[in-house]
Every structure is written in C-alpha cells, then in structure tokens.
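Below is one structure, written out as structure tokens, with a few remarks after it.
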Amino acid sequence: MAFPPDTSKTTKLERYNSYLRRVNSTKLLAASSKLLFRATLLAALILILFFTLSYPPLSASSHNSPYGSSHRSLLSSALYGGAGSAAVGGASWERQVRQSSTARRPGGMSVLVTGAAGFVGTHCSLALKKRGDGVLGLDNFNSYYDPSLKRARQSLLGKHGVFVVEGDINDAALLAKLFDVVPFTHVLHLAAQAGVRYAMRNPQSYVHSNVAGFVALLETAAKRADPQPSIVWASSSSVYGLNEVNPFSESHRTDRPASLYAATKKAGEEIAHVYNHIYGLSLTGLRFFTVYGPWGRPDMAYFSFTKDILQGKPITVFEAADGDREVARDFTFIDDVVNGCLGALDTAEKSTGTPGGGKKRGPAQLRVYNLGNKSPVPVSRLVAIIEGLLGIKAKKHVVRMPRNGDVPYTHANVSLAQRDFGYRPTTDLASGLRKFVKWYVEYYGIKTPASTASTTSSSAKTRKVGGGGHGIKDSTDTEDTGDSSLSSSA
Ligand SMILES: *[C@@H]1O[C@H](CO)[C@@H](O)[C@H](O)[C@H]1NC(C)=O
C-alpha cells in the first residue's frame, strides 16, 4: 500500500528551502560586492604607483642613466603615446600612427624609424616625408645627452607631419602593437646607445640597446609583422677596430673591436646574419663614419669644441699614441649620410620569410656598406675651421690619446655604396661645419665675433630665432670633459 503524499510537509520543506536559497544569494551578493570593492581599491593603488613611477620629477634617481630612463619610458609608454598625445592603443593614437605612416606618393614606402628624435633619425625622417613616404618615429628620449634637443627635433618632425611614438625598442608589446596597426614596408633602425668612451661608465646600456633592443626588433619583424619589412640599420665604422689597412673596405677584418660600443655593433652585424639566414629578413647594415651637421649630437667632438670655444673653455685635442700620425677622422656631412640611407632603403629587396616566423621562400638580401666621406681630416684642421667660423681662437690642450676605445685614424672606401646606390659624398668639412655653426648659433641664440663682424642684420635675426629659452648654459650635456675631444662614434 502506498501512503498518500504528505503535501503539507513537502510544501513546508520547499518553503524552507527557498528561504535558505534567498538568504544564501543575499550573502553571496554581499560577499561579491565586498570583493569588487577590494579589487577597485587595489587597482586604484596600482594606478597611483604607476603614475608615481612614470612622472619624471618623482623618479629623479633614474634621471642620469639611459638604462634607467628607458625603463621609465617603458612604463610610461604603457600609459602615454608621447608628449601630450593620446594613450597608446587608443583610437586617436591609432589615427595619428596611421596618418603619419601613410605614403603620399604612388608606390611610396611606409617606414618605421627607430631613434627618430636622434640626429640621423630626424634628418632621414624629414627627407623621407618630404619625398612622400610614410614615416612613423619611435624614440625613448633617454638622457644620454640633453633630452631638450631631442624634444626640439620632435617638434620639428611634428611640424612636418611625422609622429614620434615615445617608447623603447625593448618593449615587445609596443612593437607588436605598431606592426599590428601599420603594415610597414621598411624599418630604418637607428636607435642605439652611442659614444665610445661612455661604454666604460655604463657598459650595460650598450648591451641593452644595441644587442637586446636589436633582437627585440628583429623578433617582431620576423615573427609578428605581416608583411615582413626590409630593414636598414646603423652599424658603425668603429667595427674596423684595430684594422690598419686604409682605406677601410667592407671586406676588411672586423673581428678586433677596440671598444664595447664597437663590439655591440659588430654583434649586431652577426645577429643580422642569423635573422637573415633563419627567417629570410632583408637586412642592410650601414657603417657610419663620424657623421656631423645641424641638429647634431652634443657628445661629438665638433659639437663640444664649438660650445667650449664659445664659452672660452680650453678644449682637449688628442694626438695619436704612436706619435707619427695625427689623429684624423673621415667626417661625413649629414646630408650625404641621408642620401646613403635613402639609397639603401630604395635598393632593399623584400624579405623572403613567412610572417609568423615560418620557413623562408629563398635567400634574402644581406648587405653592409661604408658611408663615409673618402677624405680624413686631422683634428687640428677641424679646430682651425671652427675657430675661423666663430672668429675666436681656441685654448688647446693637447694630450696623447688614451687607450680607451678610440681609434686614431678612420678613412672610408665607399665604392661599394657608390656602385649599388650611387652614394657620392659631396660636402667637404669646411662647408658642412659652416652649416653646423649657423644652426648652432641660431638654435642657442648666440652672437659670435664672426657673425657680428659680417652683418648686423644676421645677428639681430640670431637673437630673435634663438630667443626660445635655449640659452647655451642650458645645453650642458651629461658628458665630462674627457669627452670634449675627438669622438669617433657613429
Ligand atoms: C675599395 O673597395 C673596392 C671593393 O669594394 C675595391 O675594389 C677597391 O680596390 C678599394 N679601393 C681601395 C683604394 O682600396
């Protein structure tokens, strides 16, 4: 016999159960809202921490180290896209990036220029933009030398429609983002830690930029970019190191570097071989010979000589350690180097790899070229030209060249670059330095005896142009007096 179902009991039980469910869900709600509150608080704290680390005035400890400041800009690049611009990844940021990278001529290229706020980077970006190519800049604005000069170059680029993203080449996420937004056809990779003597004080910064940074860029180009870009990058004449056969040819020995700077650039050439071999990246290395000109680098000898002579300070001039030959450099004017860079870009073949890092379809182009001036000039002549242009006699302090990485003599054989892309340097040192000094006195707003003597109208113009707060006293770079001498870097 079956019992009739006790309905009253079941209903009670059901009511009790549903009561329990309600109580539980209210508790759950309370618990989860508490969790939400805690998470919000934590996120706010993390944000505050980020802002604290990102703002320069609050992170003064890392100010003088390019290594430290690149970390700082790595942090800030996650939040900002540069001075006063939209956040990285935002809609307006992407619009700026696309606009800057879009070619304005049929068949024009789209070039990512790293180190765009640097000396060579600025000039190349302007030249590319001027002829109708798309250009996007990338720079970490580190403080190896006066960052205000880099900011001034950035605003010059901005006026000509070149947007510079503030970020580090070691920031793989940023690089991936850039290649996701723009199908760059070419990369002009000029970002690097430069300077020969500074390597003894901050060796890690050379490994960080010139080795790790280069690898980060090549990884993105090989595996993430679609299409794979062709890459032209800055090696250095310093790779010739202890080579004594003159003039330096691309076929000469480069396995005896004399500085860590040179060693990291030589490492770059070997790394380029690897990425060319495995992933089919088209790679062209350019060995620059002492590039100089307007908007140049303050750590270079011609720049610091000019500054010190104007301030009445003594300059240190090196004589070769062996004594029988004067220290000389193959000074190469920036306009000639720009022509060389554009020639290398124009003759760069397409990469042959498969985007995503798959097998290459065939061998890709791998090249290296000297970009020099074919006529080495002794330092004494350099100083004499600057003295003449300024109308001031230099106080010279001649010392033997220390064995700290600089080589006494550089002279380029540029016949390979001439054959392959018509490279033909046309500016002699006197004409090039005239253009540099003209820029220098305008930029820093200086009156020189020479400019006062020539025309009064030109000195009036000088005052007006340079009146933007660029006093020469503000131009102090981070280098000590040991670098106010002949620098052979890039
Ligand atoms: C310059 O280099 C080329 C090869 O690129 C070579 O044929 C030529 O002999 C070199 N010139 C000198 C003066 O060494």
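FYI, it's all coordinate maths here, none of it is from the lab. Values in this document were obtained by computation on a predicted structure and should not be read as measured data. Glycine gets a Cβ as well: all are built from the backbone with ideal geometry, and neighbour counts include every protein chain shown.
List of remarks:
- Within region 219-237: backbone nitrogen closer than 16 Å to the Arg361 label point (7 Å, Cα to C-beta): 226-230
- For region 320-409, the average shadow cast by the Cα convex hull is 10.1 nm², which is a quarter of the hull's surface.
- Length released on extending from Leu156 to Arg256, taking residue separation times 0.36 nm less the Cα-Cα span: 32.1 nm
- Euclidean distance between Cα centres, region 382-439 to region 193-251, Å: 22 Å
- Computed extension length for Lys313-Met200: 38.2 nm, one decimal, from 0.36 nm per residue of separation with the Cα-Cα distance subtracted.
- Burial ranking of peptide ranges 352-361, 179-188 (average Cβ count within 10 Å, highest at the top): 179-188, 352-361
- Where labels lie 7 Å past Cα in the beta-carbon direction, separation of Lys393 and Leu416 in nm: 4.6 nm
- In terms of the mean number of neighbouring beta-carbon atoms within 10 Å, the peptides 224-231, 137-144, 201-208 order highest first as 137-144, 224-231, 201-208.
- Spin-label model distance (nm) - Trp439 vs Ala127, 7 Å beyond Cα toward Cβ: 1.2 nm
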